[in-house]
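Peer 1: After the C-alpha cells below, expect a handful of questions from me.
The values are calculated or read from the model by the stated rules, or taken from the named source; none is laboratory data. Bear in mind the structure is a predicted one, so any value in this text is a computation, not a measurement. As a convention, Cβ positions derive from the backbone with ideal geometry for all residues, glycine included, and neighbour counts pool all protein chains shown.
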Amino acid sequence: MNPKNFNRLFFEPIQAATLSHSAAAEIFNKDEARTDWHDETLWFVREKRDKAVKQISEWEQLRTLGSDIKDHTLSNLDNYLTEFEKNAQANGIKIHWAIDAEEHNEIILRIIREQKVQQVVKSKSMLTEECHLNDFLAQRGVEVVDTDLGERIVQFRNEPPSHIVLPAIHLKKQDVSETFHEHLGTEKGNNDPQYLTEAARQHLREKFIESQLAITGVNFAIASTGGFVVCTNEGNADMGAHAAKIHIACMGIEKIIPKVEHLGVFLRLLARSATGQPITTYSSHFHQPRVGQQMHIIIVDNGRTKQLGRPDFRSSLKCIRCAACFNTCPVYRRSGGHSYHTAVAGPIGSILNPNLDMKANADLPFASTLCGSCSNVCPVKIDIHVQLYKWRQELVSEGYTATGKKVAMKGMAFVLSHPSIYRITGKMARWMMRAFPFILNNKSINPWYKQREMPEAPKQSFRDWYKKNKQ
Amino acid sequence: MSSREKILGAISTNKPALIELPVIDIKSTSNLAADWVEQFIKILESIGGTVIQLSSIDLIKKEIQQAKIGGEYIVNTLPILGEVNTEINSTMEASLLETVDRAYIEGSLGVAENGSVWLYEHQIKNRLLPFICQHLVICLNTNKIVPNLHEAYKQIDVAKEGYGVFLAGPSKTADIEQSLVIGAHGARSLLVYLISE
Amino acid sequence: MKVGLFIPCYVDQFYPKVAVATLELLEKLGCEVIFPLNQTCCGQPMANSGFASLSEGCDKNFVANFGAVDYIVSPSGSCVLHLKEHLHDQDEIKASNIRKHIYELTEFIVDILKVENITASFPHKVGMHISCHGQRGLHLSSMSELSAPSFSKPAYLLNRVKGLELSDPKRVDECCGFGGTFCVFEEAVSVKMGKDRITEHAMNQVEYITGVDVSCLMHLEGILKRQGSKVKTIHIAEILNSD
C-alpha cells in the first residue's frame, strides 16, 4: 500500500475538506523558531494569570462560586431568560430570539435595511464569529468594521482571529506593520506598537463617529434587571455603542446570570483568568438605550440547547470565554488557533464544537494529551479534560473515526483480553524489532520514528524474568 | 412556533434538575480603610493610572481655569470645581465630543482590589464623554473606597440609570505582539484625584 | 503486606528492568509481592482513543488477576489513574475494591508504607519530570495552576537518596507530549513538546531525567537518542532501588 494512503487511512478521521488539527499543526511546527515564539508569548500570559491569582487568597472559593452559580443558572435557564426579557423590555430594549446562526444574521440584516444603516462597527463578539456575520453581511453589500485592534488587524489580512481574547497573537509586529502600511498608509518598516496603535486609533475614531450601527457582544446578562455587561480594555465597544444611533448586543443563551451581586464573582474571575489583570479597563453596564437610541439584544441558541441536553457536556456552557485554557494548553501554544478551524479554538472549543458539527470537528477532542491543566485554570471549573475523553467515546460510537483505527483498536482489544495471545504477540514483536529493525525504523511508515528512536526490544519480558527468577 | 418558543421549549426539556444557588460569602482580607486606599492607589498606578491625594479641591479649580485659558477644550461637570460645561448633555453629537481634550467628572466609589471607579450616567453627562475625551480626570472622595467588587455592588445600584461603568485606568491594548500600549480607543490617560475632606 | 504487582504492558515488554526494580524495591521495604501471571494491560490505549467500549475483555482479565490482593501497586501513574477512574466489571464489587486499593509506586511508599528513610544511593544530577496523570489525577504533587501548598511525593523520596541532586525544569509541570496515541497521531506537536522539556532539563545540566511514568520517559528517551544526547532517562523505581 502507498505509504500516503496508509497514513490517511489510519491517521486521518473522516471529516470535511479543511485540514485536520494534526495536519495544520504539522505545518505550523515546520517553523520551529516561530512556534517557540508563539508558545512563549502565550505561556507568558499564563504566568501573568498565575501571578494575579496568587494575590487573591480566596481564589479557589471564587472558582467554586462561579461554577456553582453557573450550574444553578443552567438548571433554571428558561425562567432566567424570560425574566431577563421582561426586565429588558420594560427598560425599552428590543429583544429578538434566534434559533441559529442564519436567523441571527438575518435579524441584523433586517434592522440594517429597515433603519437604512450605511456604516457598521463591531466590537469583539465570538458569537458573531461563530455565526460568520461579517461574511454574511459583506455578501449582501454591508461592510462591518471590526474595532478591536486585534480583530481589525486580522480583518485587514482576511484571516480569522486565532484566539478569543488576543485575536492577533499569532502575528508579529512586522506582520502588523506590513498590514497597516498596506491598508492605512503607515510608514513602511515602522514596527513600533505605539505608532501602529496610534494609527489605528485615528482610523477607527472616524469609524466610531460615522457609524449608525454598533454591534457588541455580551459578557454577562443579568436576569433580575434586564441589563448586560460588556468588558473591554480598549474602550471600542463603548466608543461604538454610545455614538451609534442603534446598538445591537448579541448573546448566547448561556450568558445569563441571575443577579447583580453575581457580577462581583464573575468580574473578579474574568480578567485575572484571561490576561492577569485585576479587571478590564472598562466594565460597562447597559440597562437602557440612551435618549434617541435604539437598543436591541439578540438571544441566540445555535446548538446551545442541544449541548444543554447532553449531561456529560452541558457544563461546557458555563464558559465565560476567558481563554485561560488556551494559554495553558501546551498543544494550543504549539499549534496555533487556526489549526482548530473554528471560531472558538483551544480546549474549550474542542468540547463545544463537536456539538455543532461532529463530522467537521471529530479531530478536535484528540488534539490533546489529556494533561488536565485546562481544567485547573478554568475559572468556572469546567472539567474540560474529562469532557475531551468523553467526546472521544461519543465520536467513535457515532462512527467518526478512521476505519484503520477501528480495526487496529479491535485487534488491540482482542490481544489484551487474551493473556497467552498478548504474550506471543509481544514476543514476536520484540523478535521482529531485533531481527528486522528497518521495518519500524522507517519514517514514512512509522510516525514515531520521524523524530524519535524506537525503544530497545529486550529478549526477555518482565514476566519471563519473573518466572525464571522468582518462581 | 416562534424561535422564542422553540428555544424556551428546548431549554425546558433539556435542562437538568434544579441545582441550588450558592450564597456569596467572601470576607475581605482587611477591615482597615487605610489599607483599602493604599491598595487602590497601588493597583491603579500599576495599570497605568495616576493618583494624586489632595485635602482640598483648590488645586483642581486652579488647574481647570488655567487649562481653559490655555485654549484646550476642557469639560468640567462638577459645580464645586467651577463653571460647568452646560453644552455637554446626553444628546450631544459624537463629532463635537470628539474635540474634548480633558474631562473632569466625579466618581461614586473606588474599588481597592482592582483600582476601578464606578461612574453613574448622571455623573458623566454623556455616555461617550469618558471614552472620547483625550484625557480623563476623576474626582473621588477618599472615604468612598471599598475593598472589593462584592462590597461595591452592595453600595451601588447599577440598574438605577440607563448606563454605568467601572473604569480602571486609561484605555490600552497589548494586541500588537503583547506590547502594552497605553491609549487605545478610549482616553489616553486617567488621573484620579483622591480628596479627603 | 501482600501486594499485587501490576506491570503496564509496554513496561513488561520493553522496560522489564523498571518492573524488576519495582519488585525488588517493594520487597526491600518489607512487602510480600505477588505478580499475577496472566495480567496484560489496563485498557488505557483503547479508552483514550475513544474505544472504551472495547475494554470489557481487558477489564475482565484485570479483575480476574487482581481480585484477591490487599493492595495493587504499579510503576505507572497514568495506568493507575485510568483503572481508578474507569475499571468496571460484571463483578462490580471486585472492581470497586480494586479501584479503592490500587496505588502508584511512590504514593504507596509515602502514604501506605509511610517510609521515611531510603537506603538508595544515586550520586547524579537528576531532572524531575512530573507526569500529568499522576500529578493532576492522583495528586502525587501540587499543581502550578492552583493556589495551594506545594508538595511532591516523588521528590520527597528522591531527596532522600544519597548523593542525588534533584532539579526542576523552568515550567515545572508542563506535559511532555506523549499522551498515548497522541504521540503518533499528533506527531509534530508531541515531539515539539518533548523537545522543549528536554531543552529545559538541559539548562540544569542533568545527567538523568526521571519520573513515575515510563511512557513519558520512553518518549523523551526517543528524542534524546535521536539528538545523540548523553542525557539518559531512568524510572524512579530504578533510582530508589539503586545501591
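Peer 1: Among the residues of the range B:60-95, count how many are within 14 Å of another protein chain (Cβ to nearest Cβ), in a helix (DSSP H, G or I) and exposed (fewer than 14 other Cβ atoms within 10 Å of the Cβ).
Peer 2: Number of matching residues: 1.
Peer 1: Which numbered condition in (1) within 9 Å of another protein chain (Cβ to nearest Cβ); (2) farther than 23 Å from C:Leu158 by Cα; (3) of a type outside the set (Lys, Arg) is the only one that C:Ala64 fails?
Peer 2: It fails just one condition, (1).
Peer 1: So C:Gly4 passes all but one of these: (1) buried (at least 18 other Cβ atoms within 10 Å of the Cβ); (2) within 9 Å of chain A (Cβ to nearest Cβ); (3) not hydroxyl-bearing (Ser, Thr, Tyr). Which condition number does it fail?
Peer 2: Result: C:Gly4 fails condition (2) only.
Peer 1: Still on this model: For the range B:1-59, enumerate the residues that are under 30 Å from A:Ser316 (Cβ atoms) and in contact with a strand residue (DSSP E or B) (Cβ under 9 Å, 6 or more places away or on another chain).
Peer 2: Correct list: B:Ser2, B:Ser3, B:Arg4, B:Glu5, B:Lys6, B:Ile7, B:Leu8.
Peer 1: Here is a follow-up. How many residues are in a strand (DSSP E or B), closer than 26 Å to B:Lys154 by Cα and touching a Pro at 6+ places or on another chain (Cβ under 9 Å) when one looks only at the range B:96-135?
Peer 2: Qualifying residue count, the range B:96-135: 4.
Peer 1: While we're on this one: Is it true that A:Ser397 is within 9 Å of chain C (Cβ to nearest Cβ), of a type in the set (Gly, Ala, Ser) and surrounded by fewer than 18 Cβ atoms within 10 Å (Cβ to Cβ)?
Peer 2: Answer is yes for this residue.
Peer 1: Considering (1) within 21 Å of the chain's Cα centre (by Cα); (2) outside any helix (DSSP H, G or I); (3) of a type in the set (A, V, I, L, M), say which one C:Leu146 fails and leave the rest.
Peer 2: Against the list (1) within 21 Å of the chain's Cα centre (by Cα); (2) outside any helix (DSSP H, G or I); (3) of a type in the set (A, V, I, L, M), C:Leu146 comes up short only on (1).
Peer 1: Any idea which of A:Asn158, A:Asn236 is modelled with pLDDT of 95 or more, of a type in the set (S, T, N, Q) and on the phi > 0 side of the Ramachandran plot?
Peer 2: After applying the criteria, what remains is A:Asn158.
Peer 1: Name the helices (runs of 4 or more DSSP H) wholly within the range A:304-369 that hold at least 2 residues that are away from chain C (no Cβ under 14 Å)?
Peer 2: In the range A:304-369, the matching helices (runs of 4 or more DSSP H) lie at A:304-308, A:346-356.
Peer 1: Hey, among B:Asp175, B:Asp101, B:Asp157, which residue is within 10 Å of chain A (Cβ to nearest Cβ), over 14 Å from the mean Cα position of the chain (by Cα) and modelled with pLDDT of 95 or more?
Peer 2: The match here is B:Asp157.
Peer 1: Would you mention how many residues in the range A:267-308 are closer than 30 Å to B:Met92 by Cα, surrounded by fewer than 21 Cβ atoms within 10 Å (Cβ to Cβ) and either touching a residue at least 60 places away in the same chain (Cβ under 8 Å) or not assigned by TED's automatic domain parsing to the domain that holds A:Ser224 (or both)?
Peer 2: The number of residues fulfilling the criteria is 4.
Peer 1: Mind listing just one residue for me: the one in the range C:1-17 that is assigned to a helix (DSSP H, G or I) and closer than 16 Å to C:Val80 by Cα and, of those, nearest to the chain's Cα centre (by Cα)?
Peer 2: Once the filter is applied, the top-ranked residue is C:Val11.
Peer 1: Here are some residues: A:Ala343, A:Ala360. Which one is within 13 Å of the chain's Cα centre (by Cα) and more than 30 Å from A:Asn87 (Cα to Cα)?
Peer 2: The match here is A:Ala343.
Peer 1: Out of the range B:1-28, which residues are touching a residue at least 40 places away in the same chain (Cβ under 8 Å) and within 7 Å of another protein chain (Cβ to nearest Cβ)?
Peer 2: Once the filter is applied, which keeps residues that are touching a residue at least 40 places away in the same chain (Cβ under 8 Å) and within 7 Å of another protein chain (Cβ to nearest Cβ), the range B:1-28 yields B:Ile24, B:Ile26.
Per-residue answers, yes or no, for (1) buried (at least 19 other Cβ atoms within 10 Å of the Cβ); (2) closer than 23 Å to C:Cys31 by Cβ:
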{"residue": "C:Lys100", "(1), (2)": "no, yes"}
{"residue": "C:His124", "(1), (2)": "no, no"}
{"residue": "C:Ile130", "(1), (2)": "yes, no"}
{"residue": "C:Leu146", "(1), (2)": "no, no"}
{"residue": "C:Lys153", "(1), (2)": "yes, yes"}
{"residue": "C:Ser167", "(1), (2)": "no, no"}
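Peer 1: Got at least one residue in the range C:31-47 being touching a residue at least 24 places away in the same chain (Cβ under 8 Å), out of contact with any helix residue (DSSP H, G or I) (no Cβ under 7 Å at 6 or more places or on another chain) and under 25 Å from A:Gln387 (Cβ atoms)?
Peer 2: No, every residue in the range C:31-47 fails to be touching a residue at least 24 places away in the same chain (Cβ under 8 Å), out of contact with any helix residue (DSSP H, G or I) (no Cβ under 7 Å at 6 or more places or on another chain) and under 25 Å from A:Gln387 (Cβ atoms).
Conditions tested, residue by residue: (1) outside the structural domain of A:Phe326 (by TED's automatic domain parsing); (2) touching a residue at least 60 places away in the same chain (Cβ under 8 Å).
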| residue | (1), (2) |
| --- | --- |
| A:Val377 | no, yes |
| A:Ile382 | no, yes |
| A:Val407 | yes, no |
| A:Gly426 | yes, no |
| A:Leu440 | yes, no |
| A:Ile445 | yes, yes |
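Peer 1: Checking C:Cys58 against (1) touching a Lys or Arg at 6+ places or on another chain (Cβ under 6 Å); (2) not in a loop (DSSP other than H, G, I, E, B), only one condition comes out false. Which one?
Peer 2: Result: C:Cys58 passes all but (1).
Peer 1: Would you confirm whether or not the range C:104-118 contains a residue that is crowded, with 21+ Cβ neighbours inside 10 Å, over 20 Å from C:Val214 (Cβ atoms) and either modelled with pLDDT of 95 or more or among the β-branched types (Val, Ile, Thr) (or both)?
Peer 2: Yes, because at least one residue in the range C:104-118 is crowded, with 21+ Cβ neighbours inside 10 Å, over 20 Å from C:Val214 (Cβ atoms) and either modelled with pLDDT of 95 or more or among the β-branched types (Val, Ile, Thr) (or both).
To keep it simple, each residue is scored yes or no on (1) in a strand (DSSP E or B); (2) touching a residue at least 24 places away in the same chain (Cβ under 8 Å); (3) touching a His at 6+ places or on another chain (Cβ under 6 Å); (4) of a type outside the set (Gly, Ala, Ser).
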site	(1), (2), (3), (4)
A:Val230	yes, yes, no, yes
A:Glu234	no, yes, yes, yes
A:Ala237	no, yes, no, no
A:His242	no, yes, no, yes
A:Ala249	yes, yes, no, no
A:Lys259	no, yes, no, yes
A:His262	no, yes, no, yes
A:Val265	no, yes, no, yes
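Peer 1: Scan the range A:112-135 for residues that are farther than 20 Å from A:Val229 by Cβ and surrounded by 24 or more Cβ atoms within 10 Å (Cβ to Cβ) and report the count.
Peer 2: Number of matching residues: 2.
Peer 1: For residues that are hydrophobic (A, V, I, L, M, F, W, C), assigned to a loop (DSSP other than H, G, I, E, B) and in contact with a His (Cβ under 8 Å, 6 or more places away or on another chain), scanning just the range B:156-197, find the one that is surrounded by the fewest Cβ atoms within 10 Å (Cβ to Cβ).
Peer 2: It comes out as B:Ala159.
Peer 1: Please indicate, with yes or no, whether at least one residue in the range A:386-397 is under 27 Å from A:Lys54 (Cα atoms), without any contact (Cβ under 8 Å) to a residue 24 or more places away in the chain and outside any loop (DSSP other than H, G, I, E, B).
Peer 2: Yes; the residues of the range A:386-397 include at least one that is under 27 Å from A:Lys54 (Cα atoms), without any contact (Cβ under 8 Å) to a residue 24 or more places away in the chain and outside any loop (DSSP other than H, G, I, E, B).
Peer 1: Select, from C:Leu87, C:Leu83, the only residue that is under 27 Å from C:Met218 (Cα atoms), touching an Asp or Glu at 6+ places or on another chain (Cβ under 8 Å) and not assigned by TED's automatic domain parsing to the domain that holds C:Pro154.
Peer 2: C:Leu87
Peer 1: Residues that are free of Cβ contacts under 8 Å to residues at least 24 places away in the same chain, touching a Leu at 6+ places or on another chain (Cβ under 7 Å) and in a strand (DSSP E or B): does the range B:136-153 have at least one?
Peer 2: no
Peer 1: Looking at this structure, is B:Gln39 away from every other protein chain (no Cβ under 13 Å), surrounded by 12 or more Cβ atoms within 10 Å (Cβ to Cβ), outside any loop (DSSP other than H, G, I, E, B) and of a type outside the set (Val, Ile, Thr)?
Peer 2: In short, no.
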